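Notes follow once the structure below has been shown.
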Amino acid sequence: MASKNGLYKASELFQAQAHLYKIMYSFLNPMSVKWAIDLQIPDIIHNHPQPITLSELVSALKVPKSKQTCVQRLMRLLAHIDFFAIVKFQDNQERYALTPTSQLLVSGTDHCLSSMVRLLSTPILVDSYNHLAKWTSGEDLTVVETALGPESYWDFIHQNSAYLNTFNEAMESDSHVVRLALRDCRSVFEGIGSLVDVGGGTGNTAKIICEAFPELKYIVLDLPQVVSGLAGSNNLSFVGGNMFKSIPQADAVMLKVYHSTRIMMTPFSCLN
Ligand SMILES: C[S@@+](CC[C@H](N)C(=O)[O-])C[C@H]1O[C@@H](n2cnc3c(N)ncnc32)[C@H](O)[C@@H]1O
């Protein structure tokens with residue numbers, strides 16, 4: 001039977017309803033990754049001598065009996081999105097193993113990105129996506145600024161020490177991954193005399209690149225309140241300023257930032 005507007009059959013609309021709800025509930029994917037990190041599941045699997053069965057996991061987590069099926073559902077969902085892998089040994093029991101993605105969330109490694117997941121799931125960032133329509137109608141503000149009101153995200157961060165810690169830890173962990181990039185992509189930096197890292201924060205990425213390229217003159221440009229008091233070194237210097245007004249001159253510009261729709265949309269007219 002066709003629907004009232006004649007376009008689709010009732011069965012198609014019924015399927016569409018399931019599709020729509022699947023889309024609406026897809027926020028559970030990142031929330032489940034955070035849930036797994038909060039329960040330290042990647043660490044538990046990593047420290048287990050072989051891929052872990054559900055009952056071994058449940059006993060390691062010490063969850064009440066009434067919540068055991070929730071752990072099972074969590075693990076199945078995370079396996080479904082390739083965050084964990086399901087493997088079977090000869091006993092035919094399902095076991096959970098790490099994939100490269102969940103390996104990135106094992107604590108204590110030089111590529112652990114758990115703090116990045118924590119930052120990206122903070123209510124302030126997640127809630128800002130409720131303001132996309134309002135942001136589209138405005139001129140200047142970023143999505144987060146639209147959500148926060150006149151206060152900028154950077155002012156907010158620097159007035160909230162707990163949030164600042166979360167932010168700094170996330171940026172530091174993300175910068176560590178640069179070491180992996182340097183292993184395979186050294187040639188990107190070879191032959192460059194000077195580089196300005198725009199929005200380079202407290203210099204986490206800078207220190208890694210300066211160590212690998214001691215001849216490179218590296219300038220970190222960031223907001224004055226971020227770089228004030230930071231000590232440079234032989235080849236590293238910190239400059240306080242506003243990237244939208246002026247950027248120090250250098251052979252190359254690096255931009256490693258997130259959530260900066262305004263930055264992406266800004267023609268860098270201030271670059272020489
Ligand atoms: C997402 S963080 C990235 C930090 C660093 N690139 C990293 O990867 O660790 C963005 C940085 O841009 C800086 N920033 C924001 N607005 C700026 C502006 N107008 N001028 C200079 N830096 C700015 C922030 O203070 C913050 O340190």
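Ala231: within 26 Å of the chain's Cα centre (by Cα) and either away from the ligand (no atom under 13 Å from the Cβ) or aliphatic (A, V, I, L, M) (or both), yes or no?
Judged against the criteria, Ala231 is not a match.
Inside the range 97-194, counting only helices (runs of 4 or more DSSP H) that do not spill past its ends, which hold 3 or more residues that are in the same structural domain as Ile208 (by TED's automatic domain parsing) and among the β-branched types (Val, Ile, Thr)?
Hits in the range 97-194: 143-148, 161-185.
Only one residue in Ser137, Ser128, Ser173, Ser152 is open to solvent by 30 Å² or more (accessible area, probe 1.4 Å) and among the hydroxyl-bearing types (Ser, Thr, Tyr), so which one is that?
Ser137
Just to verify a result, which residue in the range 202-221, among those that are open to solvent by 20 Å² or more (accessible area, probe 1.4 Å) and within 11 Å of the ligand (Cβ to nearest atom), is farthest from Ile157 (Cα to Cα)?
Across the range 202-221, the extreme among qualifying residues is Lys207.
Could you tell me which of the residues Pro30, Pro42, Pro123, Pro51 is in contact with a strand residue (DSSP E or B) (Cβ under 7 Å, 6 or more places away or on another chain) and under 30 Å from Leu164 (Cβ atoms)?
Being in contact with a strand residue (DSSP E or B) (Cβ under 7 Å, 6 or more places away or on another chain) and under 30 Å from Leu164 (Cβ atoms) holds for just one of Pro30, Pro42, Pro123, Pro51, which is Pro42.
With the requirement that a residue be farther than 16 Å from Thr205 by Cα and either outside the structural domain of Thr205 (by TED's automatic domain parsing) or open to solvent by less than 70 Å² (accessible area, probe 1.4 Å) (or both), what does the range 225-243 give you?
Gly240, Gly241, Asn242, Met243
Quick check: is even one residue across the range 27-34 out of contact with any Phe, Trp or Tyr (no Cβ under 9 Å at 6 or more places or on another chain) and either among the hydroxyl-bearing types (Ser, Thr, Tyr) or more than 30 Å from Gly149 (Cβ to Cβ) (or both)?
Checked the range 27-34: no residue is out of contact with any Phe, Trp or Tyr (no Cβ under 9 Å at 6 or more places or on another chain) and either among the hydroxyl-bearing types (Ser, Thr, Tyr) or more than 30 Å from Gly149 (Cβ to Cβ) (or both).
Leu182 passes all but one of (1) at pLDDT 90 or above; (2) open to solvent by less than 60 Å² (accessible area, probe 1.4 Å); (3) within 16 Å of the ligand (Cβ to nearest atom); which number fails?
So Leu182 meets the others, but not (1).
Can you name the residue in the range 236-250 that is in a loop (DSSP other than H, G, I, E, B) and of a type in the set (A, V, I, L, M, F, W, C) and is also farthest from Lys217 (Cα to Cα) among such residues?
Residue satisfying both the conditions and the ranking: Phe244.
Given the conditions (1) surrounded by 11 or more Cβ atoms within 10 Å (Cβ to Cβ); (2) over 14 Å from Ile209 (Cβ atoms); (3) within 14 Å of the ligand (Cβ to nearest atom), report the number of the one that Ala147 does not fulfil.
(3)
What are the residues in the range 24-65 that are open to solvent by 90 Å² or more (accessible area, probe 1.4 Å), out of contact with any Leu (no Cβ under 7 Å at 6 or more places or on another chain) and assigned to a helix (DSSP H, G or I), if any?
Residues satisfying the conditions are Met24, Tyr25, Phe27, Asn47, Lys65.
If you go through the range 150-159 one residue at a time, do you hit one that is away from the ligand (no atom under 13 Å from the Cβ) and closer than 27 Å to Lys34 by Cα?
The answer is yes, given that some residue of the range 150-159 is away from the ligand (no atom under 13 Å from the Cβ) and closer than 27 Å to Lys34 by Cα.
The values are calculated or read from the model by the stated rules, or taken from the named source; none is laboratory data. Not measured: the values here are computed from a predicted model. Because the Cβ atoms are built from the backbone with ideal geometry, glycine has one as well, and the counts that use them run over all protein chains shown. Keep in mind that these areas ignore ligands, DNA and RNA; they rest on the heavy atoms of the full protein, side chains included. Shrake-Rupley method; radii C 1.70, N 1.55, O 1.52, S 1.80 Å.
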